[in-house]
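I have placed the structure first, in the form of structure tokens, so that the comments after it can refer back to it.
Quick note: the coordinates plus some simple rules give every number you see, no bench work behind them. Just so it is clear, the model here is predicted, and its values are computed rather than measured. Cβ placement follows ideal geometry from the backbone for every residue including glycine, while neighbour counts extend to all protein chains displayed.
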């Protein structure tokens, strides 16, 4: 009899555990490359949610890939550049995404770099120039390209008839801008003092310099929910001594934001999962910002 009672108790515990697991909500979070800050951020949020919300962190190619996956229903939430949502909805009017911005995790900086002999001192120098200048805006789907596309949406003076662009990024872009023949400028969006920018400052300062982004058309740029996207900031000359020089550089910061699909929120608001998710990402932010130096 005791064995039978013990067996019943064990079955009851296992059943209770299965029911509890089944009732724990799940959220699929798209991030970025396994070695990058987006993926790290997702893992930190998952760690904070352990036991209360099942967060499946997905390795992706970054912002544009994340938006595509959310549109296909493969992700409930994602970490993206703040301007990515605007570009997606502009490019996909029949399949716009209904998202909610949870919070800004940290800032990324727009590094606008040009050949020293190009005569370009600020971004407005290439505006409305009938194709005289060529920009390297990163590979298709990259965050760098997303930011450039949003610049064009905000100010048509940077459009394809005014500024030529090529989908080239990384070391290849840096080398081409150094030569200054096929292209005069490039764009790179990342946290300050990334490895790529450290290398540029160390090895290319004789040929390349950062230039100012001071176009007032970006002052009031907002995402589809009305959240302000860009913030005008300065890059201190002490950070990049060779490609900046003695004067600080004016540029803009793009937020790395956490967004959630509206339908997931609707399905998980009453059970407390969404409120919990907000709390978990807030608790994770110290580790995230320590990682990116903010």
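Once the Cα atoms of helix 143-154 and of the chain are each reduced to a long axis, what angle between those two axes, in degrees from 0 to 90 to the nearest 10, is obtained?
Value to nearest ten degrees: 70.
Rounded to the nearest 0.05, what FRET efficiency do residue 74 and residue 271 have when you use their Cβ-Cβ distance and R0 = 22 Å?
0.50
Can you give me the three principal axis dimensions of the chain from its C-alpha atoms, in Å, biggest first?
92, 41, 28
How many nm is it between the label spots at residue 220 and residue 52, if each spot is 7 Å from the Cα in line with the beta carbon?
4.0 nm
How far is the Cα center of the range 195-220 from the Cα center of the range 110-124, in Å?
Cα centres, the range 195-220 to the range 110-124: 7 Å.
Full extension from residue 203 to residue 130: what is 0.36 nm times the residue separation minus their Cα-Cα distance, to one decimal in nm? Intermediate results must be reported in sequence, preceding the final value.
On the way: separation 73, 0.36 × 73 = 26.28 nm, distance 3.19 nm.
The residue 203-residue 130 span can extend by a further 23.1 nm.
Along the three principal axes, how long is the range 108-255 when you take its alpha carbons, biggest first, rounded to the nearest angstrom?
41, 32, 26 Å, listed from the longest principal axis down.
Pick from 86, 238, 94: which residue has the top mean-square fluctuation in a GNM of the chain where Cα pairs under 10 Å get a spring?
94
Taking the 0 to 90 degree range and rounding to the nearest ten, how far is the long axis of helix 37-49 tilted relative to the main principal axis of the chain, both from C-alpha atoms?
20 degrees
Relative to the longest principal Cα axis of the chain, at what angle does helix 273-292 sit, 0 to 90 degrees, rounded to 10?
So the helix axis and the longest Cα principal axis differ by about 40 degrees.
Report the calculated FRET efficiency for residue 248 and residue 61 (r = Cβ-Cβ distance, R0 = 30 Å), to the nearest 0.05.
Efficiency, from the Cβ-Cβ distance: 0.35.
Per 0.36 nm of contour for each residue apart, how much would the distance between residue 161 and residue 193 grow if the chain were fully extended, relative to their Cα-Cα spacing? Let's see the in-between values first.
Working: separation 32, 0.36 × 32 = 11.52 nm, distance 3.31 nm.
Answer, rounded to one decimal: 8.2 nm.
Only helical DSSP H runs with n ≥ 4 go in: add -39500 (n - 2.57) per run for the chain, normalise by residue count and round the 222 nm mean residue ellipticity to 500 deg cm²/dmol.
-12000 deg cm²/dmol
For the pair residue 278/residue 238, report the inter-label distance in nm, with labels modelled 7 Å from Cα in the Cβ direction.
About 3.8 nm separates the two model spin labels.
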